[in-house]
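Encoded as structure tokens, the structure appears first; notes follow it.
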Amino acid sequence: MKPILFSEPMVQALLNTKPGVYPAEPIDARKPCKSQTRRVMKFEAPYRYQPGDILWVRETWKCVSKNDEMMEAVIEFKADGTQKSVRFDNRDRYDKCVKGMGMWKSSRFMLIELPRLFLEVKAVRVELVQDITEADAKAEGVLPMNPLDLKKAPLSLFNWGKNGHGTLPSNSCKASFYRLWDKLNAKRGYSWNSNPWVLVYEFMRKEDQ
């Protein structure tokens, strides 16, 4: 298994995706579900996922209680407040888990014993980020922006495309994905307008474990 990191909104979209169903279907059709992710293509990337790979999802978490004698900890996930009991067979691993009990910990520091969400990679392809379709943007776990979001969005948000040409409908999933992409990647030098090459992973949420 290999790890993959997601933000809280994306974890919430994963939780709204029916397990064991591909192509993906939402549990609640009014909310986003997620069956794709795009990652900047880097030759030095530590993980290149392949079809058939099983991924465990890293998300923000904290330890809320512990039993030192049994080496058992109760974990809470920030995305929805769900809790999970985990028993360890290694004292050092247990100590890492319970250290700083009650404090939220970055998804980057989630231990492999803790995940609740697992994904199976179904397909992999390479494309430019601006080549995303409306259907693929929806599969990324976003919905069209609501009126309040539109009021906060800069006008330049909807001027897009290669070399800055073209327009993007403000009520589209693509516009929402554009905004999300730049929030996560622009400061890293991979803005939407720079149109980087990305690895597109399509996946199925595994049955709960």
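Once the Cβ-Cβ distance of LYS18 and ARG91 is raised to the sixth power relative to R0 = 30 Å, the FRET efficiency obtained is 0.20. The gain in end-to-end length when the MET70 to GLU120 segment is fully stretched comes to 14.8 nm, 0.36 nm per residue minus the alpha carbon separation.
Panel order for LYS183, LYS18, LYS138, by other beta carbons found within 10 Å of each beta carbon, from fewest to most: LYS183, LYS18, LYS138.
Computed across the chain, the Kirkwood hydrodynamic radius from all distinct Cα-Cα pairs reaches 18.5 Å.
With a Förster radius of 30 Å applied to the beta-carbon distance between MET101 and LYS206, the computed FRET efficiency rounds to 0.55. For a Förster distance of 25 Å, can you work out the FRET efficiency between the beta-carbons of ASP80 and LYS2, rounded to the nearest 0.05? So the FRET efficiency works out to roughly 0.60.
Cβ-to-Cβ counts within 10 Å put ARG125, ARG48 in ascending order as ARG125, ARG48, the fewest first. Ellipsoid fit via the Cα gyration tensor, the range 27-150: semi-axes of 33, 20, 13 Å, each the root of five times an eigenvalue, largest first.
Packing, taken as the mean count of other beta carbons within 10 Å per residue, orders the peptides 71-80, 31-40 from highest to lowest as 31-40, 71-80.
What share of Cα pairs, in percent, lie more than 13 angstrom apart in the range 7-67? Please report the intermediate quantities before stating the final value.
Working: 1341 of 1830 pairs.
Percentage above 13 Å: 73.
For the range 60-109, dividing the convex hull volume of the Cα atoms by the residue count gives 64 Å³ per residue.
Quick note: the coordinates plus some simple rules give every number you see, no bench work behind them. This is a predicted model, so every value here is computed, not measured. Don't worry about glycine lacking a Cβ; one is built from the backbone with ideal geometry, like all the others, and counts go over all protein chains shown.
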